[in-house]
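Student: Here's a structure for you.
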Amino acid sequence: MLRPAVCQILKNNESYYSLVIAVAKRAREITDNACENETVLEEKPVKTAVDEFAAGEYKIIEDPSLKG
């Protein structure tokens, strides 16, 4: 199985933590949408979410006021 490298997804000094949170939130959205529409997912939601971030379909938006 081929996976995108984290360095291919993260840009502009984004944190790994932000990526994990963003992927988890997107995977939850995918799961919720599938349940609402009563559809069967062909891939796992986390894989779909990672692929979407790697393709640039979704972007990580960090709040600069939260950085230490």
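Student: Can you tell me which residue is nearest to the chain's Cα centre (by Cα) among those in region 1-13 that are without any contact (Cβ under 8 Å) to a residue 24 or more places away in the chain and over 13 Å from residue 59 (Cβ atoms)?
Tutor: Ranking the candidates gives 6 first.
Student: Moving to a separate point now. Could you list, in sequence order, all residues of region 14-58 that are touching a residue at least 40 places away in the same chain (Cβ under 8 Å) and open to solvent by 30 Å² or more (accessible area, probe 1.4 Å)?
Tutor: Hits for region 14-58 are 14, 15, 50, 51, 54.
Student: Something else about it: Do you know which of the residues in region 59-68 that are open to solvent by 100 Å² or more (accessible area, probe 1.4 Å) and of a type in the set (A, V, I, L, M, F, W, C) is farthest from the chain's Cα centre (by Cα)?
Tutor: 66
The values are calculated or read from the model by the stated rules, or taken from the named source; none is laboratory data. Note that the structure is a prediction, hence the values are computed from the model and not measured. Reconstructed Cβ throughout: ideal geometry from the backbone, glycine too, with neighbour counts over all protein chains shown. Side chains are part of the model used for accessible areas, which takes the heavy atoms of the whole protein and leaves out ligands, DNA and RNA. Shrake-Rupley method; radii C 1.70, N 1.55, O 1.52, S 1.80 Å.
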